[in-house]
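Have a look at the structure below, then the notes.
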Amino acid sequence: MVSVKFENVTKKYDDGTEAVSSLNLSVSDGEFLVLLGPSGCGKSTTLRMLAGLEDVSDGNIKIDDVRVNDLPAGARGLGMVFQSYALYPHMNVEENLSFGLKRATGEARLSNEEIKISVESMAKMLELSEELSKLPKELSGGQRQRVALGRALIKRPKVLLMDEPLSNLDAELRHQMRGEIRRLHEELGCTTIYVTHDQIEAMTLADRIAILDKGILQQNCPPLEAYHKPANEFVEGFLVKHLNDIRDTTKTLFEE
Ligand SMILES: Nc1ncnc2c1ncn2[C@@H]1O[C@H](COP(=O)(O)OP(=O)(O)OP(=O)(O)O)[C@@H](O)[C@H]1O
Ligand SMILES: [Mg+2]
């Protein structure tokens, strides 16, 4: 069981900004949760606190019912993929993928043969087998994104965190990668928390969406439930109206 819990979690930055206010949110084992909300609503702050990259001002964060507030980032067993997927530019795909495994020490260290097998199977899953000897600059945007994903997944993280991982890609690639992320999730069953401000992305990826506004959780339910039964005016405007506008615009485009 790999569950994540935010219990009354608040983040106040040093300058007084309260980015997250008394957040209560649970993610269950194997679930794909999308944190959705407009720019500045506290999505990245929430993810960064869970990752151990940002202190928690108040409340508890638990992984598998163990409080992790004071645990260093590296000890939390998380995999992370961010918007700016900084691959090591001087390393080829194979080296980028194996880097984390090679750095492990003690009992966690796999043999070189095991690392080679892990890299090959990850590359196969992400359709990168032909690209293993290429440098990041020799890859397309989508391929680079898949290397970043592979780098996080190869360590078999307990929880996978993604913060707007597709926002650098064009519409076509975004669409394609969304499908791949969902497929991978189904294959690996890894508990996943995915941050986006994109309503369509949330609707297509999530088992459940948690909608934030100004650091406050507005609604937390399956995507279609939020669409059909918005909890308040904010969700109505940000999610329902937005999706309906897209639908209407698309319709008009084709009818005229
Ligand atoms: N280091 C910081 N110091 C002070 N305030 C910060 C800091 N980082 C973020 N904030 C503020 O906290 C709030 C939430 O920021 P956060 O980055 O979590 O938003 P977000 O939902 O991820 O937005 P976006 O979609 O634009 O990435 C914002 O008002 C932001 O200005
Ligand atoms: Mg952000």
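Throughout, read-outs are computed from the coordinates displayed, never taken from laboratory work. None of the values given here were measured: they were computed from a predicted structure. Methodologically, a virtual Cβ is constructed for each residue, glycine included, from the backbone with ideal geometry; neighbour enumeration extends over all protein chains shown.
Treating only the Cβ atoms of Lys and Arg (+1) and Asp and Glu (-1) as charged, compute the dipole magnitude of the chain about its Cα centre; round to the nearest 20 debye. Magnitude of the dipole: close to 540 debye.
Farthest toward the positive end of the dipole of segment 90-156, out of Gly141, Asn112, Leu128, is the Cα of Gly141, where the dipole comes from beta carbon charges about the Cα centre. Placing a label point 7 Å from the Cα of Arg67 along the Cα-to-Cβ direction, the residues of segment 10-36 with a backbone N closer than 17 Å are 10-11, 22-25. 3J(HN,Hα) couplings calculated from phi for segment 68-80 with the Karplus curve 6.51 cos²θ - 1.76 cosθ + 1.60 (θ = phi - 60°) are, in sequence order, 10, 2, 9, 7, x, 3, x, 9, 8, x, 10, x, 10 Hz; Gly and Pro show x. Of the Cα atoms belonging to segment 90-156, the radius of gyration and Dmax stand at 11.3, 36 Å.
If I stretch the segment between Leu135 and Leu253 completely, what's the gain in nm (0.36 nm per residue apart, minus their alpha carbon distance), one decimal? Intermediate values should be presented prior to the final figure.
Numbers: separation 118, 0.36 × 118 = 42.48 nm, distance 4.13 nm.
Residue separation times 0.36 nm, minus the Cα-Cα distance, leaves 38.3 nm.
Counting only aspartates and glutamates at least 8 places from Lys5 when in the same chain, those with an alpha carbon closer than 17 Å to its own are Asp29, Glu31, Glu54, Asp55, Asp58, Asp64, Asp65, Asp70, Asp207.
Applying both filters, DSSP loop and at most 14 other Cβ atoms within 10 Å, to the trypsin sites (Lys or Arg not before Pro) of segment 90-163 gives Arg109. Pairs of lysines in segment 90-156 whose Cα atoms sit within less than 20 Å of one another amount to 9, provided the residues are eight or more positions apart or on different chains. With springs connecting C-alpha atoms under 10 Å apart, model the chain as a Gaussian network and identify which of Ile246, Ile115, Ile154 has the largest mean-square fluctuation. Of the options given, Ile246 has the highest mean-square fluctuation.
Which of rounded, prolate, oblate describes the chain, given a ≥ b ≥ c as roots of the alpha-carbon gyration tensor eigenvalues and a/c under 1.5 marking rounded, otherwise prolate only if a/b is larger than b/c? Cα axes put the chain in the oblate bin. Within the listed set Glu131, Glu172, Glu54, the Gaussian network model of the chain (springs between alpha-carbon atoms below 10 Å) gives the highest mean-square fluctuation for Glu172.
Roughly speaking, what is the stretch gain from Asn8 to Arg182, that is 0.36 nm per residue apart minus the C-alpha to C-alpha distance, in nm to one decimal?
Values: separation 174, 0.36 × 174 = 62.64 nm, distance 2.96 nm.
Length gained between Asn8 and Arg182: 59.7 nm.
Straight-distance candidates among the lysines for linking to Lys241, with alpha-carbon spacing under 23 Å and chain neighbours fewer than 8 residues away dropped: Lys43, Lys214, Lys229, Lys251. The simple spin-label model puts a point 7 Å past each Cα toward its Cβ; for Lys241 and Arg156 those points are separated by 4.9 nm.
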